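Chemist: The structure is given below, and queries will be raised subsequently.
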Amino acid sequence: MKLKKVLCIGTAAVLSLALLAGCGGESKDSGESKKESKKIVVGASPSPHAEILKEVQPILEEKGYELEIKEYSDYVIPNTAVEEGEIDANYFQHITYMNNFNEERGTHLVSAGEIHYEPFGIYPGTAAKLEDLKDGDKIAVPNDTTNEARALLLLESQGLIKLKEGAGLKATKNDIVENPKNLDVYELEAAQIPRVLSEVAFACMNGNYALDAGYTAEKDALVVEDASSDAVKAYVNVIAVKEGNENNDAVKALVEALKSDDVKTYIDKTYNGAVVVVE
């Protein structure tokens, strides 16, 4: 009996120690978990979006967030990934594209913050100045609906053409009602435009394509979109999230970091006017 009592007491003691150890370990783990940084996963195009996000990483780290960047060259997958909860947000598209995507795909994406725009510019080809335009000269413009309208509106702002009233951001070359110099509006894929500069008098290019080709709006463009134009407002690049997540603390911290003075300085110095921060 004495032996049984000793064994029982010993067993109870061991169990008590185990429980105490368990409680102590749980407390330590919970303390460590509180110190762990919270992760936010953002999909982005390689340039300039992913490059800008890399500048944001240390800013978010100071606030206790870990930013993971997933790069996409595709313009569909980053949106479906947000919709399906595979990533928390994306940064690659302008607001008009996002809204059109929602309409066409039935997704529920919203803007959590307007970050920058990539101004359209008119770049010299065989002609050096707009005043050098001759009758029948060829001007290259993107052939997709979104960017062609921007190009035509920019040409109209310079008095080179006149568009049908109300054409606005859906304008195509079929909406040109006045063309005093009989300009040949040459439509082709946006990414191909830098390659034909030696074949056209001028070319209308988006900032990111100009940047990829080694041009900058500040140094090389003859004319760029006005910061207050309707086109700029319509094509501002945003942080897109699924509806309901726009006020998430991590998302708000991301937008705040992207709008910080440090990031603005980086963008201004790196992209020379090809990427412009929205104030």
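Chemist: Filter the stretch 232-279 for residues that are acidic (Asp, Glu) and at pLDDT below 95; which is nearest to THR80 (Cα to Cα)?
Modeler: Ranking the candidates gives GLU279 first.
Chemist: Output the residue which, of all residues in the stretch 190-209 that are surrounded by fewer than 20 Cβ atoms within 10 Å (Cβ to Cβ) and at pLDDT 90 or above, is nearest to VAL276 (Cα to Cα).
Modeler: Across the stretch 190-209, the extreme among qualifying residues is PRO194.
Chemist: A follow-up question, please. So how many residues does the stretch 133-153 have that are in contact with a Phe, Trp or Tyr (Cβ under 6 Å, 6 or more places away or on another chain), at pLDDT 95 or above and surrounded by 18 or more Cβ atoms within 10 Å (Cβ to Cβ)?
Modeler: Result for the stretch 133-153: 2.
Chemist: Among the listed residues GLU243, GLU279, which satisfies the condition of being in contact (Cβ under 8 Å) with a residue 60 or more places away in the chain, farther than 22 Å from PRO46 by Cα and not hydroxyl-bearing (Ser, Thr, Tyr)?
Modeler: Exactly one of GLU243, GLU279 is in contact (Cβ under 8 Å) with a residue 60 or more places away in the chain, farther than 22 Å from PRO46 by Cα and not hydroxyl-bearing (Ser, Thr, Tyr), namely GLU243.
Chemist: For the condition closer than 23 Å to ASN147 by Cβ, crowded, with 20+ Cβ neighbours inside 10 Å and either touching a Lys or Arg at 6+ places or on another chain (Cβ under 8 Å) or at pLDDT 95 or above (or both), what is the one hit in ILE115, ILE77, ILE87? Don't jump to the end; show me each part of the working.
Modeler: Working: ILE77 fails: crowded, with 20+ Cβ neighbours inside 10 Å; ILE87 fails: closer than 23 Å to ASN147 by Cβ.
The unique qualifying residue is ILE115.
Chemist: Keeping to the stretch 54-72, report how many residues are under 15 Å from GLY43 (Cα atoms) and over 18 Å from the mean Cα position of the chain (by Cα).
Modeler: Selection size over the stretch 54-72: 1.
Chemist: Restricting attention to the stretch 114-142, which residues are at negative phi and of a type in the set (Gly, Ala, Ser)?
Modeler: Within the stretch 114-142, GLY121, GLY125, ALA127, ALA128, ALA140 qualify.
Chemist: Filter the stretch 90-111 down to residues that are touching a helix residue (DSSP H, G or I) at 6+ places or on another chain (Cβ under 7 Å), at pLDDT 95 or above, surrounded by fewer than 21 Cβ atoms within 10 Å (Cβ to Cβ) and under 17 Å from LYS233 (Cα atoms), then give me how many there are.
Modeler: 1
Chemist: Residue under question is ASP212, and the condition is that it be at pLDDT 85 or above and either under 17 Å from the mean Cα position of the chain (by Cα) or acidic (Asp, Glu) (or both); does it hold?
Modeler: Against the criterion (at pLDDT 85 or above and either under 17 Å from the mean Cα position of the chain (by Cα) or acidic (Asp, Glu) (or both)), ASP212 does not qualify.
Chemist: Does the stretch 247-255 contain at least one residue that is more than 20 Å from LYS39 (Cβ to Cβ), surrounded by fewer than 19 Cβ atoms within 10 Å (Cβ to Cβ) and in contact (Cβ under 8 Å) with a residue 60 or more places away in the chain?
Modeler: For the stretch 247-255, residues more than 20 Å from LYS39 (Cβ to Cβ), surrounded by fewer than 19 Cβ atoms within 10 Å (Cβ to Cβ) and in contact (Cβ under 8 Å) with a residue 60 or more places away in the chain: absent.
Chemist: OK, next. One residue is enough: does the stretch 200-216 have a residue meeting the conditions closer than 18 Å to ILE59 by Cβ and assigned to a strand (DSSP E or B)?
Modeler: No; the residues of the stretch 200-216 include none that is closer than 18 Å to ILE59 by Cβ and assigned to a strand (DSSP E or B).
Chemist: Further question: Going by the conditions given, is THR96 over 15 Å from LYS39 (Cβ atoms), of a type in the set (Ser, Thr, Tyr), in contact with a Lys or Arg (Cβ under 8 Å, 6 or more places away or on another chain) and outside the structural domain of ALA190 (by TED's automatic domain parsing)?
Modeler: no
The values are calculated or read from the model by the stated rules, or taken from the named source; none is laboratory data. Remember, it's a predicted structure, so these values are computed and weren't measured experimentally. Positions of Cβ are backbone-derived with ideal geometry, glycine not excepted, and every protein chain shown enters the neighbour counts.
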